[in-house]
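> Here it is, the structure in full.
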Amino acid sequence: MPAGGHRAYGWLPDKRTKDEAEAALLVAGVDDILEGVGLHTICRRWNNLGIPSATGKVWQKAVLRNSPRMVGWRVYGPPSIPIEERYARDPEGRPVKGRQDLILELDTWMEVVAKLRDPSHTSKHVHTGGRKYLLSGIICCGYCGRHLMGAYDRDELAGAYVFPRVREQEQVILTLKAEQTEWLRAHCGPGMTNVAASWPSLEVEQRREIIGTVIEAVVLKAADGPKNRFGPGRVEVVWRA
């Protein structure tokens, strides 16, 4: 039975009956996620359209979570557990079905979970969802191989030189994440067939995902001297095999 508290977006105040208009918006958001649009972009769109959340507040990334409630499972458990694993189970370990109308089919919801758990979208060092620049987190240093991002010049040695063994372990982790990302990309990537025609209408994160399927890295070669300025010759594209 539905418990107390605010109603979830997509259902009427009885917390059982699907709100057709809100459910349609959620389904459209799911389609965007599977096509590579980030949660920040979706929230910005809905806020610009004046669409309030279930509590009447503006949309935030944390509100648009991959909740099991979408497929009728009862959400239960401490916040320390990932939301996609926070559902009640029966004695045999099977998810407990609630009495609310379903908004998503289970297969679609599983695709969304896989998409939102993609390592390229969940790095704790580089945030991908709200990036403004096309090559953020993609361009890397031609000297040490690490990804470049905006920061103050602190005149410090990079950790790769101070802790070489740490770098070796980091490379193992990156390799495993890359393999996982390839699998996720193959199963739930953008479904377009004409990239050139679609490019002008795509969001930055969608363009980044397409770039990631053909480019391994963009390397910025080291400057020849302290006064050497940026030039196209310092950029090298490493294509995927």
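> Could you sort out which of Lys18/Lys61; Lys57/Lys97; Lys18/Lys115; Lys15/Lys57 sit more than 27 Å apart by Cα distance in this structure?
Working: Lys18/Lys61 22 Å; Lys57/Lys97 29 Å; Lys18/Lys115 25 Å; Lys15/Lys57 19 Å.
From the list (Lys18/Lys61; Lys57/Lys97; Lys18/Lys115; Lys15/Lys57), the Cα-Cα distance tops 27 Å for Lys57/Lys97.
> How do Asp107, Asp101 stack up against each other in accessible area, from largest to smallest, with a 1.4 angstrom probe? Intermediate results must be reported in sequence, preceding the final value.
Numbers: Asp107 115, Asp101 65 Å².
Solvent-accessible surface, decreasing: Asp107, Asp101.
> When the solvent-accessible surface of protein heavy atoms is calculated with a 1.4 angstrom probe, in what order do Val112, Val214 fall, highest first?
Numbers: Val112 10, Val214 70 Å².
Order by accessible area, largest first: Val214, Val112.
> Which FRET efficiency value, to the nearest 0.05, do you get for Arg99 and Ser201 by plugging their Cβ-Cβ distance into 1/(1 + (r/R0)^6) with R0 = 45 Å? The partial results should precede the final answer.
Values: r = 41 Å, r/R0 = 0.90.
My answer for the efficiency is 0.65.
> Using only protein heavy atoms and a 1.4 Å probe, report how much of Thr17 is accessible, in Å² to the nearest 10.
Probe radius 1.4 Å; accessible area of Thr17 about 50 Å².
> So how much accessible area does Val58 have, in Å² to the nearest 10, using a 1.4 Å probe?
Its heavy atoms expose roughly 90 Å² to the probe.
> For Gln171 and Phe230 in the same chain, what is the full-extension length gain: residue separation times 0.36 nm, less their Cα-Cα distance, in nm? Can you show the working numbers first?
On the way: separation 59, 0.36 × 59 = 21.24 nm, distance 2.81 nm.
My answer for the length gained is 18.4 nm.
> Can you give the accessible area of Leu116 in Å² (nearest 10), computed on protein heavy atoms with a 1.4 Å probe?
Probe radius 1.4 Å; accessible area of Leu116 about 40 Å².
> Using 16 Å as the cut-off for backbone N distance, which residues of the stretch 200-220 belong to the label zone defined by a point 7 Å from the Cα of Asn48 along Cα→Cβ?
Hits in the stretch 200-220 for Asn48 at 16 Å: 200-207.
The values are calculated or read from the model by the stated rules, or taken from the named source; none is laboratory data. What you see is a predicted model; the values in this text were computed from it and never measured. Neighbour counts are summed over all protein chains in view; Cβ atoms, including those assigned to glycine, are modelled from backbone coordinates with ideal geometry. Each accessible area value is taken on the protein alone, full model and side chains, heavy atoms only, with ligands, DNA and RNA left out. Shrake-Rupley method; radii C 1.70, N 1.55, O 1.52, S 1.80 Å.
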